[in-house]
Amino acid sequence: EIGAIADSHGINVYLIGGIVRDFLLNRLNEDIDLVVEGDGISFAHTIREQLGGQIKTHEQFATATWTTPTNIKLDIVTCRTEYYDAPAALPTVRASNIREDLRRRDFSINALALQINKSDFGKLLDFFQGQEDMDNKEIRILHNLSFIEDPTRIVRAIRFALRFDYTLAKQTEELALNASYLLKQVSATRFLREIQLLINEETIIRGVKLLDSLHVWQSLFNLKPTIESLMKLEQVIAYHFNDAFIVILTLNYGQHNWKQKVKRYSLTTKQNQLIQQLEAMQTVPLSKNETMSSIHNRYHMFKEDTILLYTILTENTLLRNYVEKREQLKPLLTGQDLLMQGIKPGPIFSDILHQLTCFQLDNEIINRNDALTWLQ
Ligand code: CTP
């Protein structure tokens with residue numbers, strides 16, 4: 001239907017991006033992106049008038065989102081060319097034709113379009129050997145300046161390579177290596193977003209290694225991930241610290257000036273607090289024969305998952321035992337029990353319960369009866 005409407009208005013419309021790639025690779029993809037040679041927004045209005053549903057327009061980007069009457073979302077965009085005024089900057093946009101629109105994209109496998117005009121339905125546009133690269137299982141950029149214009153594509157290249165089990169084409173790999181120093185100029189938000197996507201695909205460990213082979217960590221943090229730091233990272237992920245900032249932190253932790261290095265990547269108050277807490281923990285080292293209650297007295301004010309992260313980063317088994325024990329601990333008494341003993345509510349409540357936790361941690365009180373006796 002969309003194809004017929006496009007025909008009657010004399011404009012070309014194509015399916016584009018990930019959905020075309022995934023269609024050819026027999027993979028599921030539900031992000032439907034349409035690109036229009038012409039005015040995408042007015043085409044979206046026409047579609048809505050003739051087929052119903054709703055549209056939301058984003059004038060600034062010359063794009064619209066059409067929600068069909070059956071509640072499927074489609075993004076409709078205008079063919080465009082992007083100009084990069086400076087390396088690693090965000091691009092300026094200008095309307096153009098389909099070939100130009102495809103040429104500005106990252107990799108050949110992402111630069112395929114499928115025409116949906118009724119007259120040319122299903123015609124595949126492949127100006128940049130996308131299908132050939134799929135056959136050869138290669139990620140290839142479309143022009144030599146691609147990584148210079150957008151260095152985040154270096155991380156994207158690794159992500160797609162890992163996702164499809166492809167390799168980077170030789171020249172693409174060399175250009176990525178040469179451009180990795182430019183990642184320093186990319187905003188922390190954009191870099192973290194790309195790292196987050198590697199985490200979401202569960203390819204972070206291999207991703208970190210491949211990014212290392214392209215000197216990304218070297219350029220950003222003057223750092224070479226060691227086997228030990230990768231093992232820590234594996235544990236961090238296994239404990240569901242699925243956050244890009246924590247990956248950056250883990251790789252850097254313990255290095256000279258680690259705090260300064262990761263500072264630029266701590267964007268939220270929570271992330272800043274995490275850095276502060278890790279630092280604070282560093283200043284209270286534990287001795288080997290410390291009791292659980294004495295550890296508790298010094299660490300109870302820290303959040304449990306922060307302590308857990310710290311134990312992984314510092315490989316401190318004593319602290320790990322403490323975290324595990326504290327996690328399993330069941331409260332033996334409640335506020336109600338204290339009231340029943342005639343204790344008046346107030347700060348004393350938490351003092352008593354804290355003391356009880358200490359006894360429990362040291363196995364001096366192990367059941368409710370003992371706790372009640374102790375309370376009396
Ligand atoms: N793109 C690009 N350069 C970037 C980001 C995106 O050229 N730095 C282009 C790619 O050609 C991609 C399209 O914009 O096909 C849409 O981007 P995105 O949604 O991130 O990519 P998908 O291919 O849809 O990836 P995914 O399958 O992970 O959703």
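What the table below lists for this structure:
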read-out: Residue-span extension gain [Ser294 to Glu315] - 0.36 nm each, minus C-alpha spacing; value: 5.6 nm
read-out: Cα-based equivalent ellipsoid of the chain: semi-axis lengths in Å, sorted from largest, via gyration tensor; value: 54, 27, 17
read-out: Mean shadow area of region 236-376, taken as a quarter of the surface of its Cα convex hull (nm²); value: 10.0
read-out: Candidates per chymotrypsin sites (Phe, Trp or Tyr not before Pro) in region 165-258, loop by DSSP, up to 16 other Cβ within 10 Å; value: Tyr239
read-out: Region 16-31 - phi-based ³J(HN,Hα) in whole Hz, Karplus 6.51/-1.76/1.60, Gly and Pro as x; value: 8, x, x, 5, 6, 4, 6, 4, 5, 8, 6, 10, 7, 8, 9, 8
read-out: Distant-in-sequence amide H partners of Arg80 (H built 1.01 Å from N, under 5 Å); value: Ser96, Asp101
read-out: Over 31 Å between alpha carbons, listed pairs Lys56/Lys170; Lys118/Lys170; Lys209/Lys325; Lys303/Lys344; value: Lys56/Lys170; Lys118/Lys170; Lys209/Lys325
read-out: Principal semi-axes in Å for region 297-352 [√(5λ), Cα gyration tensor, largest first]; value: 31, 12, 7
read-out: Percent RCO, i.e. relative contact order, over the chain, from Cα pairs under 8 Å lying at least 6 residues apart; value: 9
read-out: Loop sites in region 166-215: GluC sites (Glu not before Pro), DSSP, at most 14 other Cβ within 10 Å; value: Glu201, Glu202
read-out: Full-extension gain in nm, Arg193 to Glu327, via 0.36 nm per residue minus C-alpha separation; value: 45.1 nm
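Taken together, the values in this text are just the output of simple stated rules run on the coordinates, not laboratory data. These numbers come from a predicted model, not from an experiment. All Cβ positions, glycine included, derive from the backbone under ideal geometry; neighbour counts span all protein chains shown.
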